[in-house]
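K.L.:
Structure provided below as structure tokens; questions to follow.
The values are calculated or read from the model by the stated rules, or taken from the named source; none is laboratory data. Keep in mind it's a predicted model, so treat the numbers as computed, not measured. Cβ: placed from backbone, ideal geometry, glycine included. Neighbour counts: every protein chain shown. With ligands, DNA and RNA removed, areas are computed over all heavy atoms of the protein, side chains included. Shrake-Rupley method; radii C 1.70, N 1.55, O 1.52, S 1.80 Å.
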Amino acid sequence: MVHNNPYLCPGAFVRPHFENVSGLGEQTSLFRRWLGSVIDAFLQAALLLTGGAIVHLAAPQVLESTGWGYRIGAMLASWLTFIAVHGYLLVKYGQTIGKRLLGTRIVSYARHQRLPWWKLVTLREGLLYTVVLIPGLGPVIALIDALAIFITDHRCLHDLIAGSAVIDVQRNDPAFVKPGG
């Protein structure tokens, strides 16, 4: 990284920082990222538990299985639930419900623009969503993904893979939602 600052010590590390390109906002806080994830996780868990209860009432033998067929079915149900709940907002605004409620959004790290839908769905969400389900290795990858946020630019592993970042939404952004309305 080359800087033209004559007052900067030679070899000094300067934390990358977002410039407020087109009024899109600055990188969001770790707390807001975490809280948005918690909101999304609780919402998805509630829907999956409701769906599981319906399946249990309709066909209890399905939930008693522990084989690979059950695991793959559970993964697909979870993934489809995620897409059904967050798909529209992700594609239209780069937001999940939790991010929308907290006024944050996902953008391209390099250009500060909305990511293409295929990058959001496959690289940012889908790849790690699937890899985390690998027995033994999955929890380790999930931990690495979460801990990567403490790297200097505060991006998780899924952000690094997709080339994305989470920023605060500004009032002039179409993704901005007035509190309470």
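K.L.:
Of the conditions (1) surrounded by fewer than 16 Cβ atoms within 10 Å (Cβ to Cβ); (2) under 13 Å from the mean Cα position of the chain (by Cα), Gly138 fails just one. Which one is it?
P.N.:
(2)
K.L.:
Next question, about the same structure. From the list Arg105, Arg100, Arg124, exactly one residue is free of Cβ contacts under 8 Å to residues at least 60 places away in the same chain and under 21 Å from Thr28 (Cα atoms). Which is it?
P.N.:
None of the other options fit; the residue is Arg124.
K.L.:
Another question, if that's okay. Being of a type in the set (Asp, Glu), closer than 17 Å to Asp40 by Cβ and open to solvent by 20 Å² or more (accessible area, probe 1.4 Å), is that true of even one residue in segment 143-166?
P.N.:
Taking every residue of segment 143-166 in turn, at least one turns out to be of a type in the set (Asp, Glu), closer than 17 Å to Asp40 by Cβ and open to solvent by 20 Å² or more (accessible area, probe 1.4 Å).
K.L.:
Taking Arg71, is it touching a Ser or Thr at 6+ places or on another chain (Cβ under 8 Å) and open to solvent by 40 Å² or more (accessible area, probe 1.4 Å)?
P.N.:
So Arg71 does not fit the description; no.
K.L.:
Looking at segment 128-168, which of its residues are at pLDDT below 85 and under 22 Å from Gly87 (Cα atoms)?
P.N.:
Of everything in segment 128-168, those that are at pLDDT below 85 and under 22 Å from Gly87 (Cα atoms) turn out to be Leu128, Tyr129, Thr130, Val131, Val132, Leu133.
K.L.:
Mind listing just one residue for me: the one in segment 84-100 that is at pLDDT below 90 and under 13 Å from Ala41 (Cα atoms) and, of those, surrounded by the most Cβ atoms within 10 Å (Cβ to Cβ)?
P.N.:
The residue in question is His86.
K.L.:
Does any residue in segment 33-45 that is more than 11 Å from Ile97 (Cβ to Cβ) and open to solvent by less than 40 Å² (accessible area, probe 1.4 Å) come within less than 8 Å, Cβ to Cβ, of a residue that is aliphatic (A, V, I, L, M) and at pLDDT 90 or above six or more places away or on a different chain, and which pairs are these?
P.N.:
That search, which allows pairs on different chains as well, returns Arg33/Val166.
K.L.:
Output the number of the condition that Thr50 fails; it satisfies all remaining conditions of (1) modelled with pLDDT under 70; (2) over 28 Å from His154 (Cβ atoms); (3) not basic (Lys, Arg).
P.N.:
Thr50 satisfies all of (1) modelled with pLDDT under 70; (2) over 28 Å from His154 (Cβ atoms); (3) not basic (Lys, Arg) except (1).
K.L.:
For Val85, are the conditions met, namely being in contact (Cβ under 8 Å) with a residue 24 or more places away in the chain and in a helix (DSSP H, G or I)?
P.N.:
Spelling it out, Val85 is indeed in contact (Cβ under 8 Å) with a residue 24 or more places away in the chain and in a helix (DSSP H, G or I).
K.L.:
Mind listing just one residue for me: the one in segment 101-132 that is in a helix (DSSP H, G or I) and touching a strand residue (DSSP E or B) at 6+ places or on another chain (Cβ under 8 Å) and, of those, most open to solvent (accessible area, probe 1.4 Å)?
P.N.:
Lys119
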